[in-house]
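Inspection log for the structure reproduced underneath, given as structure tokens.
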Amino acid sequence: PAERLLMLTFTRRAAKEMLLRLHNEVGNVADSITAGTFHHFCLQVMRRVPKPFGVEERTVIDRDDAQSLLQLIRGERLKKGEKRDFPKAATILNYLSYAKNCCLDLQDYLLQFTELDDNTMARLIEIAQHYEQRKRERHYLDYDDILHLFVQGIENNDKLRERIAGLYQHVLVDEMQDTNPLQWRILQALAQPGTAGAKLFCVGDDAQSIYAFRGADIRNISEFERDFPGAKVVLLEQNYRSTQNILSAANAVIGNNFDRKDKKLWLQEFVRC
């Protein structure tokens with residue numbers, strides 16, 4: 001049944017494109033399919049049952065509003081002489097976002113991926129704590145809170161997870177190589193091995209995993225069969241967009257990658273009549 005299908009992707013434009021293609025194939029039945037971004041899906045669920053997720057009467061703020069709030073707190077917490085060399089609000093927001101999406105404690109993230117001195121790090125963590133407190137006081141959610149609180153809710157409440165997972169028979173994921181650890185935990189909860197959860201159908205290209213700086217983790221593809229024993233891998237090797245010379249060069253370069261699926265792109269030659 002169409003209403004038991006969930007399609008997840010990374011942009012609203014891509015979701016609309018998928019639904020348009022389905023409309024062309026199957027007609028109005030496509031309207032019953034749930035399709036959208038990870039954020040859209042999680043927020044939709046949490047608005048229907050806000051109490052288990054602790055998001056009653058919360059307002060979602062966009063990136064600009066979140067940055068303005070951080071800028072305000074930064075200005076309050078830093079002395080005049082400290083502000084010049086201290087990370088800007090946009091940079092702090094990037095740190096917070098990356099840490100949450102990679103399921104890392106903020107201090108661990110800062111130690112691993114920045115070169116901040118101990119004093120700056122301590123002050124930044126203090127500002128981050130005030131930012132989280134101010135959001136709670138004003139009943140705000142930023143974009144990263146949506147996924148973070150959704151994961152907390154379904155991982156800490158088995159009945160809630162089973163209820164949500166039971167809504168869908170199949171979860172289809174586009175651009176799997178762009179998923180981060182937080183999104184992966186959502187998919188694992190919806191399709192938990194050994195339960196009556198949904199079946200996962202994920203499409204992605206490990207050779208196009210270029211968003212590690214945004215938290216994307218290639219292991220979500222390379223270790224898929226480990227996390228879901230018995231998973232079937234279908235290689236999409238036929239190419240329609242390039243020439244064989246370019247594909248051969250690409251195959252040679254990609255062949256040196258680690259943690260890759262063993263595939264070889266090839267071109268179907270077409271003869272014009």
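The values are calculated or read from the model by the stated rules, or taken from the named source; none is laboratory data. Every value quoted in this text rests on a predicted model; they were computed, and no experiment measured them. Virtual Cβ from ideal backbone geometry, glycine too; neighbours counted across all protein chains shown. Quick note on the areas: whole protein, heavy atoms, side chains included, nothing else; ligands and nucleic acids left out. Shrake-Rupley method; radii C 1.70, N 1.55, O 1.52, S 1.80 Å.
Some notes on this structure:
- The residue that is most open to solvent (accessible area, probe 1.4 Å), counting only those in the range 104-143 that are over 22 Å from residue 214 (Cβ atoms) and among the basic types (Lys, Arg), is 136.
- When 183, 152, 169 are checked against the criterion of being open to solvent by less than 30 Å² (accessible area, probe 1.4 Å), in contact (Cβ under 8 Å) with a residue 40 or more places away in the chain and not acidic (Asp, Glu), a single residue qualifies: 183.
- When we screen 11, 91 for residues that are surrounded by fewer than 19 Cβ atoms within 10 Å (Cβ to Cβ) and modelled with pLDDT of 95 or more, the only hit is 91.
- The condition of being free of Cβ contacts under 8 Å to residues at least 24 places away in the same chain and either basic (Lys, Arg) or in contact with a Lys or Arg (Cβ under 7 Å, 6 or more places away or on another chain) (or both) holds for only one of 261, 232, that being 232.
The rows are residues; the columns are (1) within 23 Å of the chain's Cα centre (by Cα); (2) more than 14 Å from residue 176 (Cβ to Cβ); (3) open to solvent by less than 70 Å² (accessible area, probe 1.4 Å); (4) not β-branched (Val, Ile, Thr).
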site	(1), (2), (3), (4)
229	yes, yes, no, yes
237	no, yes, yes, yes
244	no, yes, yes, yes
251	no, yes, yes, yes
261	yes, no, yes, yes
268	no, yes, no, yes
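- Scanning the range 155-166 for residues that are touching a Leu at 6+ places or on another chain (Cβ under 8 Å) and touching a residue at least 60 places away in the same chain (Cβ under 8 Å) yields a count of 1.
- Restricting the range 225-271 to residues that are assigned to a loop (DSSP other than H, G, I, E, B) and of a type in the set (Gly, Ala, Ser) leaves a set whose member that is nearest to residue 207 (Cα to Cα) is 255.
- Some residue of the range 239-248 being touching a residue at least 40 places away in the same chain (Cβ under 8 Å) and either farther than 20 Å from residue 103 by Cβ or touching a helix residue (DSSP H, G or I) at 6+ places or on another chain (Cβ under 8 Å) (or both): no
- Verdict on residue 194 being modelled with pLDDT under 90, in contact with a helix residue (DSSP H, G or I) (Cβ under 9 Å, 6 or more places away or on another chain) and not hydroxyl-bearing (Ser, Thr, Tyr): no
- Considering residues of the range 199-214 that are at pLDDT 85 or above and in a loop (DSSP other than H, G, I, E, B) only, the residue farthest from residue 250 (Cα to Cα): 203
Table: residues versus (1) open to solvent by 70 Å² or more (accessible area, probe 1.4 Å); (2) within 30 Å of residue 157 (Cβ to Cβ).
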position: 1; (1), (2): yes, yes
position: 16; (1), (2): yes, no
position: 23; (1), (2): no, no
position: 38; (1), (2): no, yes
position: 47; (1), (2): yes, yes
position: 53; (1), (2): no, yes
position: 57; (1), (2): yes, yes
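- Restricting the range 77-91 to residues that are among the charged types (D, E, K, R) and touching a residue at least 40 places away in the same chain (Cβ under 8 Å), the residue that is nearest to residue 130 (Cα to Cα): 77
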